[in-house]
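Enquirer: One structure, as structure tokens, below. Some questions next.
The values are calculated or read from the model by the stated rules, or taken from the named source; none is laboratory data. The model shown is predicted, which means the values in this text are computed figures rather than measured ones. Every residue, glycine among them, receives a Cβ derived from its backbone with ideal geometry; neighbour counts consider all protein chains shown.
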Amino acid sequence: MSSVNNQPDPDIERLISVIEAGSDVLVIQYNPGYDPGDSNHLINILYLHGICVSVLACSAASTLNVLKSASAIKNVEIYSDRLNYFQLLFFLLRRKHDAVILYKTTNRIEHHLPHYLAYLISRGAQKFIIVHDKGNEAKIVPGKFILRSNAFILSRMFLLVLQKPFIYIKNAAIRTFCRYDPKKIRKILFVRLDHIGDAVMSLALVDILRSNFPSAAIHVLAAPWNFEIFHRDSRIDKVYSFSALWHKRKNGCFEERNLNAGFELIVQNSQLINSLKSEVYDLAIDSRGDLFDSLMAYESGARFVIGSVGWFYNTTIFDNSFLLTHVVDYGDTMKHISALHADIAEKLECKFSRTQLIPTIFVSKSDQDNIRKIFWDLGIDISDLNKINIAFQICAGEKSRQWPKENFEELALRIGEIYGNKVNLFFSGSSSEKDANQELCEKLSSKGAFDVYNIAGTFSLADLPAFFKEMDLLITNDTGPMHIANAVGVKMIALFKKFFVKVHAPVGSNNVIISTKRDSDDMSTITVLEVIDAVIKSIK
């Protein structure tokens with residue numbers, strides 16, 4: 001939200017208009033994907049307007065270093081969000097804040113969770129102001145509404161905190177007196193309740209588990225939106241479904257939802273938890289390291305519960321490690337999710353090759369025949385060897401990760417100019433993305449002498465692997481289908497914000513990754529020329 005060319009920032013101006021001079025404001029900056037200098041810009045403007053500022057900052061060292069340059073300003077204090085419970089309580093209770101600004105976050109619930117609790121504990125703030133990603137204006141929420149609507153999660157969270165020492169002692173006893181022996185593992189629960197791309201990447205770990213525990217039953221606790229990823233996988237014996245709303249997206253972004261959802265769902269789904277306990281698991285795994293996901297793994301009653309701590313967003317404010325008998329510490333240095341899978345596998349004393357860290361999805365001949373029939377019914381011979389089939393995925397789970405549609409339009413026209421009627425362009429996506437695709441397809445059809453097809457919503461999630469298998473190339477944003485295509489070995493050009501390349505860019509030799517130059521850069525800084533050059537090299 002920083003100003004560009006000294007132009008006034010409308011969001012910051014709006015913040016100033018609703019915060020009175022002399023107010024005591026808490027600024028919470030918790031998204032390591034953004035330039036921390038923006039927080040400095042906000043802090044300086046608040047100070048110049050006579051507003052007393054405290055900062056609860058992201059734990060990333062780069063962020064703290066930048067924010068420390070503002071510490072010379074009187075009344076600005078720097079705190080890290082990696083505080084323990086007592087430090088956090090002391091910080092929040094010692095001062096009453098007139099307003100809380102949750103600055104430059106996404107809508108991720110794991111980002112909001114510590115902030116909502118921070119607000120609730122700090123009490124009395126009359127305004128709770130959320131400044132989201134670029135393109136979304138500041139949203140001002142009455143403080144009393146936040147307090148009233150999140151009373152359940154506050155009480156439940158403190159109950160969990162009270163239970164924490166007892167759970168920790170129990171797990172410590174298991175580590176001490178019940179030695180983990182991989183030869184005795186007969187039944188495994190793998191918890192994967194988040195998004196499609198994360199689910200697909202985790203198949204690498206499933207493959208390692210299957211090769212090391214060939215006679216063990218492997219069950220997965222999945223969500224409705226990623227269920228098909230696991231349901232049709234022959235390496236998995238059973239899949240349970242649980243609607244983990246804290247991971248759900250809506251309209252291209254994470255929902256702004258009542259944070260009671262996580263605990264309420266777990267409490268209400270006692271029947272599912274009883275079913276999991278009846279399985280008598282030897283081992284439960286939460287590779288994401290999410291508090292609620294780890295809680296589900298713990299509630300399964302498995303003798304050993306292994307999970308990651310500190311992956312991407314986790315903080316010690318909502319540390320999940322006490323729920324685990326075996327901890328894989330992600331640490332403070334950003335690393336790829338495949339490295340996390342390797343760490344978990346090593347913790348489980350598994351043997352594996354580096355190639356196993358690339359996820360795989362098997363596509364059967366019947367699946368391919370079915371896809372070809374669907375296309376044939378649409379009047380398209382997808383198996384025509386004289387045609388080059390290129391798929392486009394122009395939407396993404398978060399708007400900030402989308403390359404501009406105008407760029408996709410220009411790119412498609414350039415491809416048409418080069419390859420003419422030798423190319424088929426397929427615009428894929430879910431049914432909710434059909435309208436966006438259709439608008440672009442109509443523009444292209446009116447301008448180019450090549451075949452353009454809007455197939456958004458045509459295929460189910462289960463059909464996508466076979467569809468991508470028929471493609472010669474995929475040009476995609478950072479999204480779930482990208483990982484599905486990678487798992488079936490399709491050539492792809494993936495467009496990324498630099499920050500996310502470090503964490504979950506697709507792994508494999510068929511991939512070309514084009515990213516922004518800096519973490520904070522907008523996706524529009526990736527040029528059409530860069531992408532068309534990659535297309536020409538990939539099709540050769």
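Enquirer: How about the range 440-540: which strands (runs of 3 or more DSSP E) wholly inside it have at least 2 residues that are under 21 Å from the mean Cα position of the chain (by Cα) and among the β-branched types (Val, Ile, Thr)? Don't jump to the end; show me each part of the working.
Expert: Details: elements: 451-454, 473-477, 492-496, 511-515.
In the range 440-540, 473-477, 511-515 are the strands (runs of 3 or more DSSP E) which contain 2 or more residues that are under 21 Å from the mean Cα position of the chain (by Cα) and among the β-branched types (Val, Ile, Thr).
Enquirer: If I go through the range 445-457 residue by residue, how many of them are surrounded by 18 or more Cβ atoms within 10 Å (Cβ to Cβ) and either closer than 19 Å to residue 476 by Cβ or touching a Lys or Arg at 6+ places or on another chain (Cβ under 7 Å) (or both)? Outline the logic, then answer.
Expert: Step one: filter the range 445-457 for residues surrounded by 18 or more Cβ atoms within 10 Å (Cβ to Cβ), giving 448, 450, 452-456.
After this cut, where a residue has to be either closer than 19 Å to residue 476 by Cβ or touching a Lys or Arg at 6+ places or on another chain (Cβ under 7 Å) (or both) as well, the list is 452-456.
Counting residues in the range 445-457 that are surrounded by 18 or more Cβ atoms within 10 Å (Cβ to Cβ) and either closer than 19 Å to residue 476 by Cβ or touching a Lys or Arg at 6+ places or on another chain (Cβ under 7 Å) (or both) gives 5.
Enquirer: Let me ask something else about it. Assuming residue 428 fulfils every condition listed in (1) surrounded by fewer than 18 Cβ atoms within 10 Å (Cβ to Cβ); (2) modelled with pLDDT of 90 or more apart from one, which condition is it?
Expert: (1)
Enquirer: Looking only at the range 419-433, which residues are over 19 Å from residue 406 (Cβ atoms) and part of a helix (DSSP H, G or I)?
Expert: 419, 420, 421, 422, 431, 432 - these are the residues of the range 419-433 that are over 19 Å from residue 406 (Cβ atoms) and part of a helix (DSSP H, G or I).
Enquirer: Next question. Out of all the residues in the range 365-389, which are more than 23 Å from residue 412 (Cβ to Cβ) and touching a residue at least 60 places away in the same chain (Cβ under 8 Å)? Spell out the reasoning first.
Expert: Step one: of the range 365-389, the residues more than 23 Å from residue 412 (Cβ to Cβ) are 365-370, 372-373, 376-377.
367, 368, 370, 372 - these are the residues of the range 365-389 that are more than 23 Å from residue 412 (Cβ to Cβ) and touching a residue at least 60 places away in the same chain (Cβ under 8 Å).
Enquirer: Please go through the range 272-291 and pick out each residue that is farther than 15 Å from residue 347 by Cβ and without any contact (Cβ under 8 Å) to a residue 60 or more places away in the chain.
Expert: Selection gives 272, 273, 274, 275, 277, 278.
Enquirer: Here's something else I'd like to know. Report yes if residue 382 is β-branched (Val, Ile, Thr) and in contact with a strand residue (DSSP E or B) (Cβ under 9 Å, 6 or more places away or on another chain), otherwise no.
Expert: On the way: β-branched (Val, Ile, Thr): yes; in contact with a strand residue (DSSP E or B) (Cβ under 9 Å, 6 or more places away or on another chain): yes.
Against the criterion (β-branched (Val, Ile, Thr) and in contact with a strand residue (DSSP E or B) (Cβ under 9 Å, 6 or more places away or on another chain)), residue 382 qualifies.
Enquirer: On to the next question. More than 26 Å from residue 226 (Cβ to Cβ), in contact with a strand residue (DSSP E or B) (Cβ under 7 Å, 6 or more places away or on another chain) and of a type in the set (Gly, Ala, Ser) - does that describe any residue in the range 426-441?
Expert: Just the residues of the range 426-441 that are more than 26 Å from residue 226 (Cβ to Cβ), to begin with: 438-441.
Remaining after also requiring in contact with a strand residue (DSSP E or B) (Cβ under 7 Å, 6 or more places away or on another chain): 438, 440-441.
Still in the running and of a type in the set (Gly, Ala, Ser): none.
Looking for residues that are more than 26 Å from residue 226 (Cβ to Cβ), in contact with a strand residue (DSSP E or B) (Cβ under 7 Å, 6 or more places away or on another chain) and of a type in the set (Gly, Ala, Ser), one finds none in the range 426-441, hence no.
Enquirer: Moving on to the next point. What pairs come out if I take residues in the range 331-344 that are closer than 13 Å to residue 289 by Cβ and pair them with residues that are of a type in the set (S, T, N, Q) whose C-beta lies under 8 Å away, six or more apart or interchain?
Expert: Pairs that qualify, where the first residue is closer than 13 Å to residue 289 by Cβ and the partner is of a type in the set (S, T, N, Q), are 340/287; 340/308; 341/202; 341/287; 343/308; 344/287; 344/308.
Enquirer: I've got another one for you. Can you find even one residue in the range 459-467 that is without any contact (Cβ under 8 Å) to a residue 24 or more places away in the chain and in contact with a Phe, Trp or Tyr (Cβ under 8 Å, 6 or more places away or on another chain)?
Expert: no
Enquirer: Scan the range 184-197 and tell me whether some residue there is in a helix (DSSP H, G or I), modelled with pLDDT of 50 or more, within 30 Å of residue 477 (Cβ to Cβ) and touching a Phe, Trp or Tyr at 6+ places or on another chain (Cβ under 9 Å). Even if it seems obvious, please write down each step before you answer.
Expert: So the first thing to find is which residues in the range 184-197 are in a helix (DSSP H, G or I), and the list is 184, 196-197.
Subsequent filtering for residues that are modelled with pLDDT of 50 or more retains 184, 196-197.
Now narrow it down to the ones that are within 30 Å of residue 477 (Cβ to Cβ): 196-197.
So of that shortlist, the ones also touching a Phe, Trp or Tyr at 6+ places or on another chain (Cβ under 9 Å) come out as 196.
Yes, some residue in the range 184-197 is in a helix (DSSP H, G or I), modelled with pLDDT of 50 or more, within 30 Å of residue 477 (Cβ to Cβ) and touching a Phe, Trp or Tyr at 6+ places or on another chain (Cβ under 9 Å).
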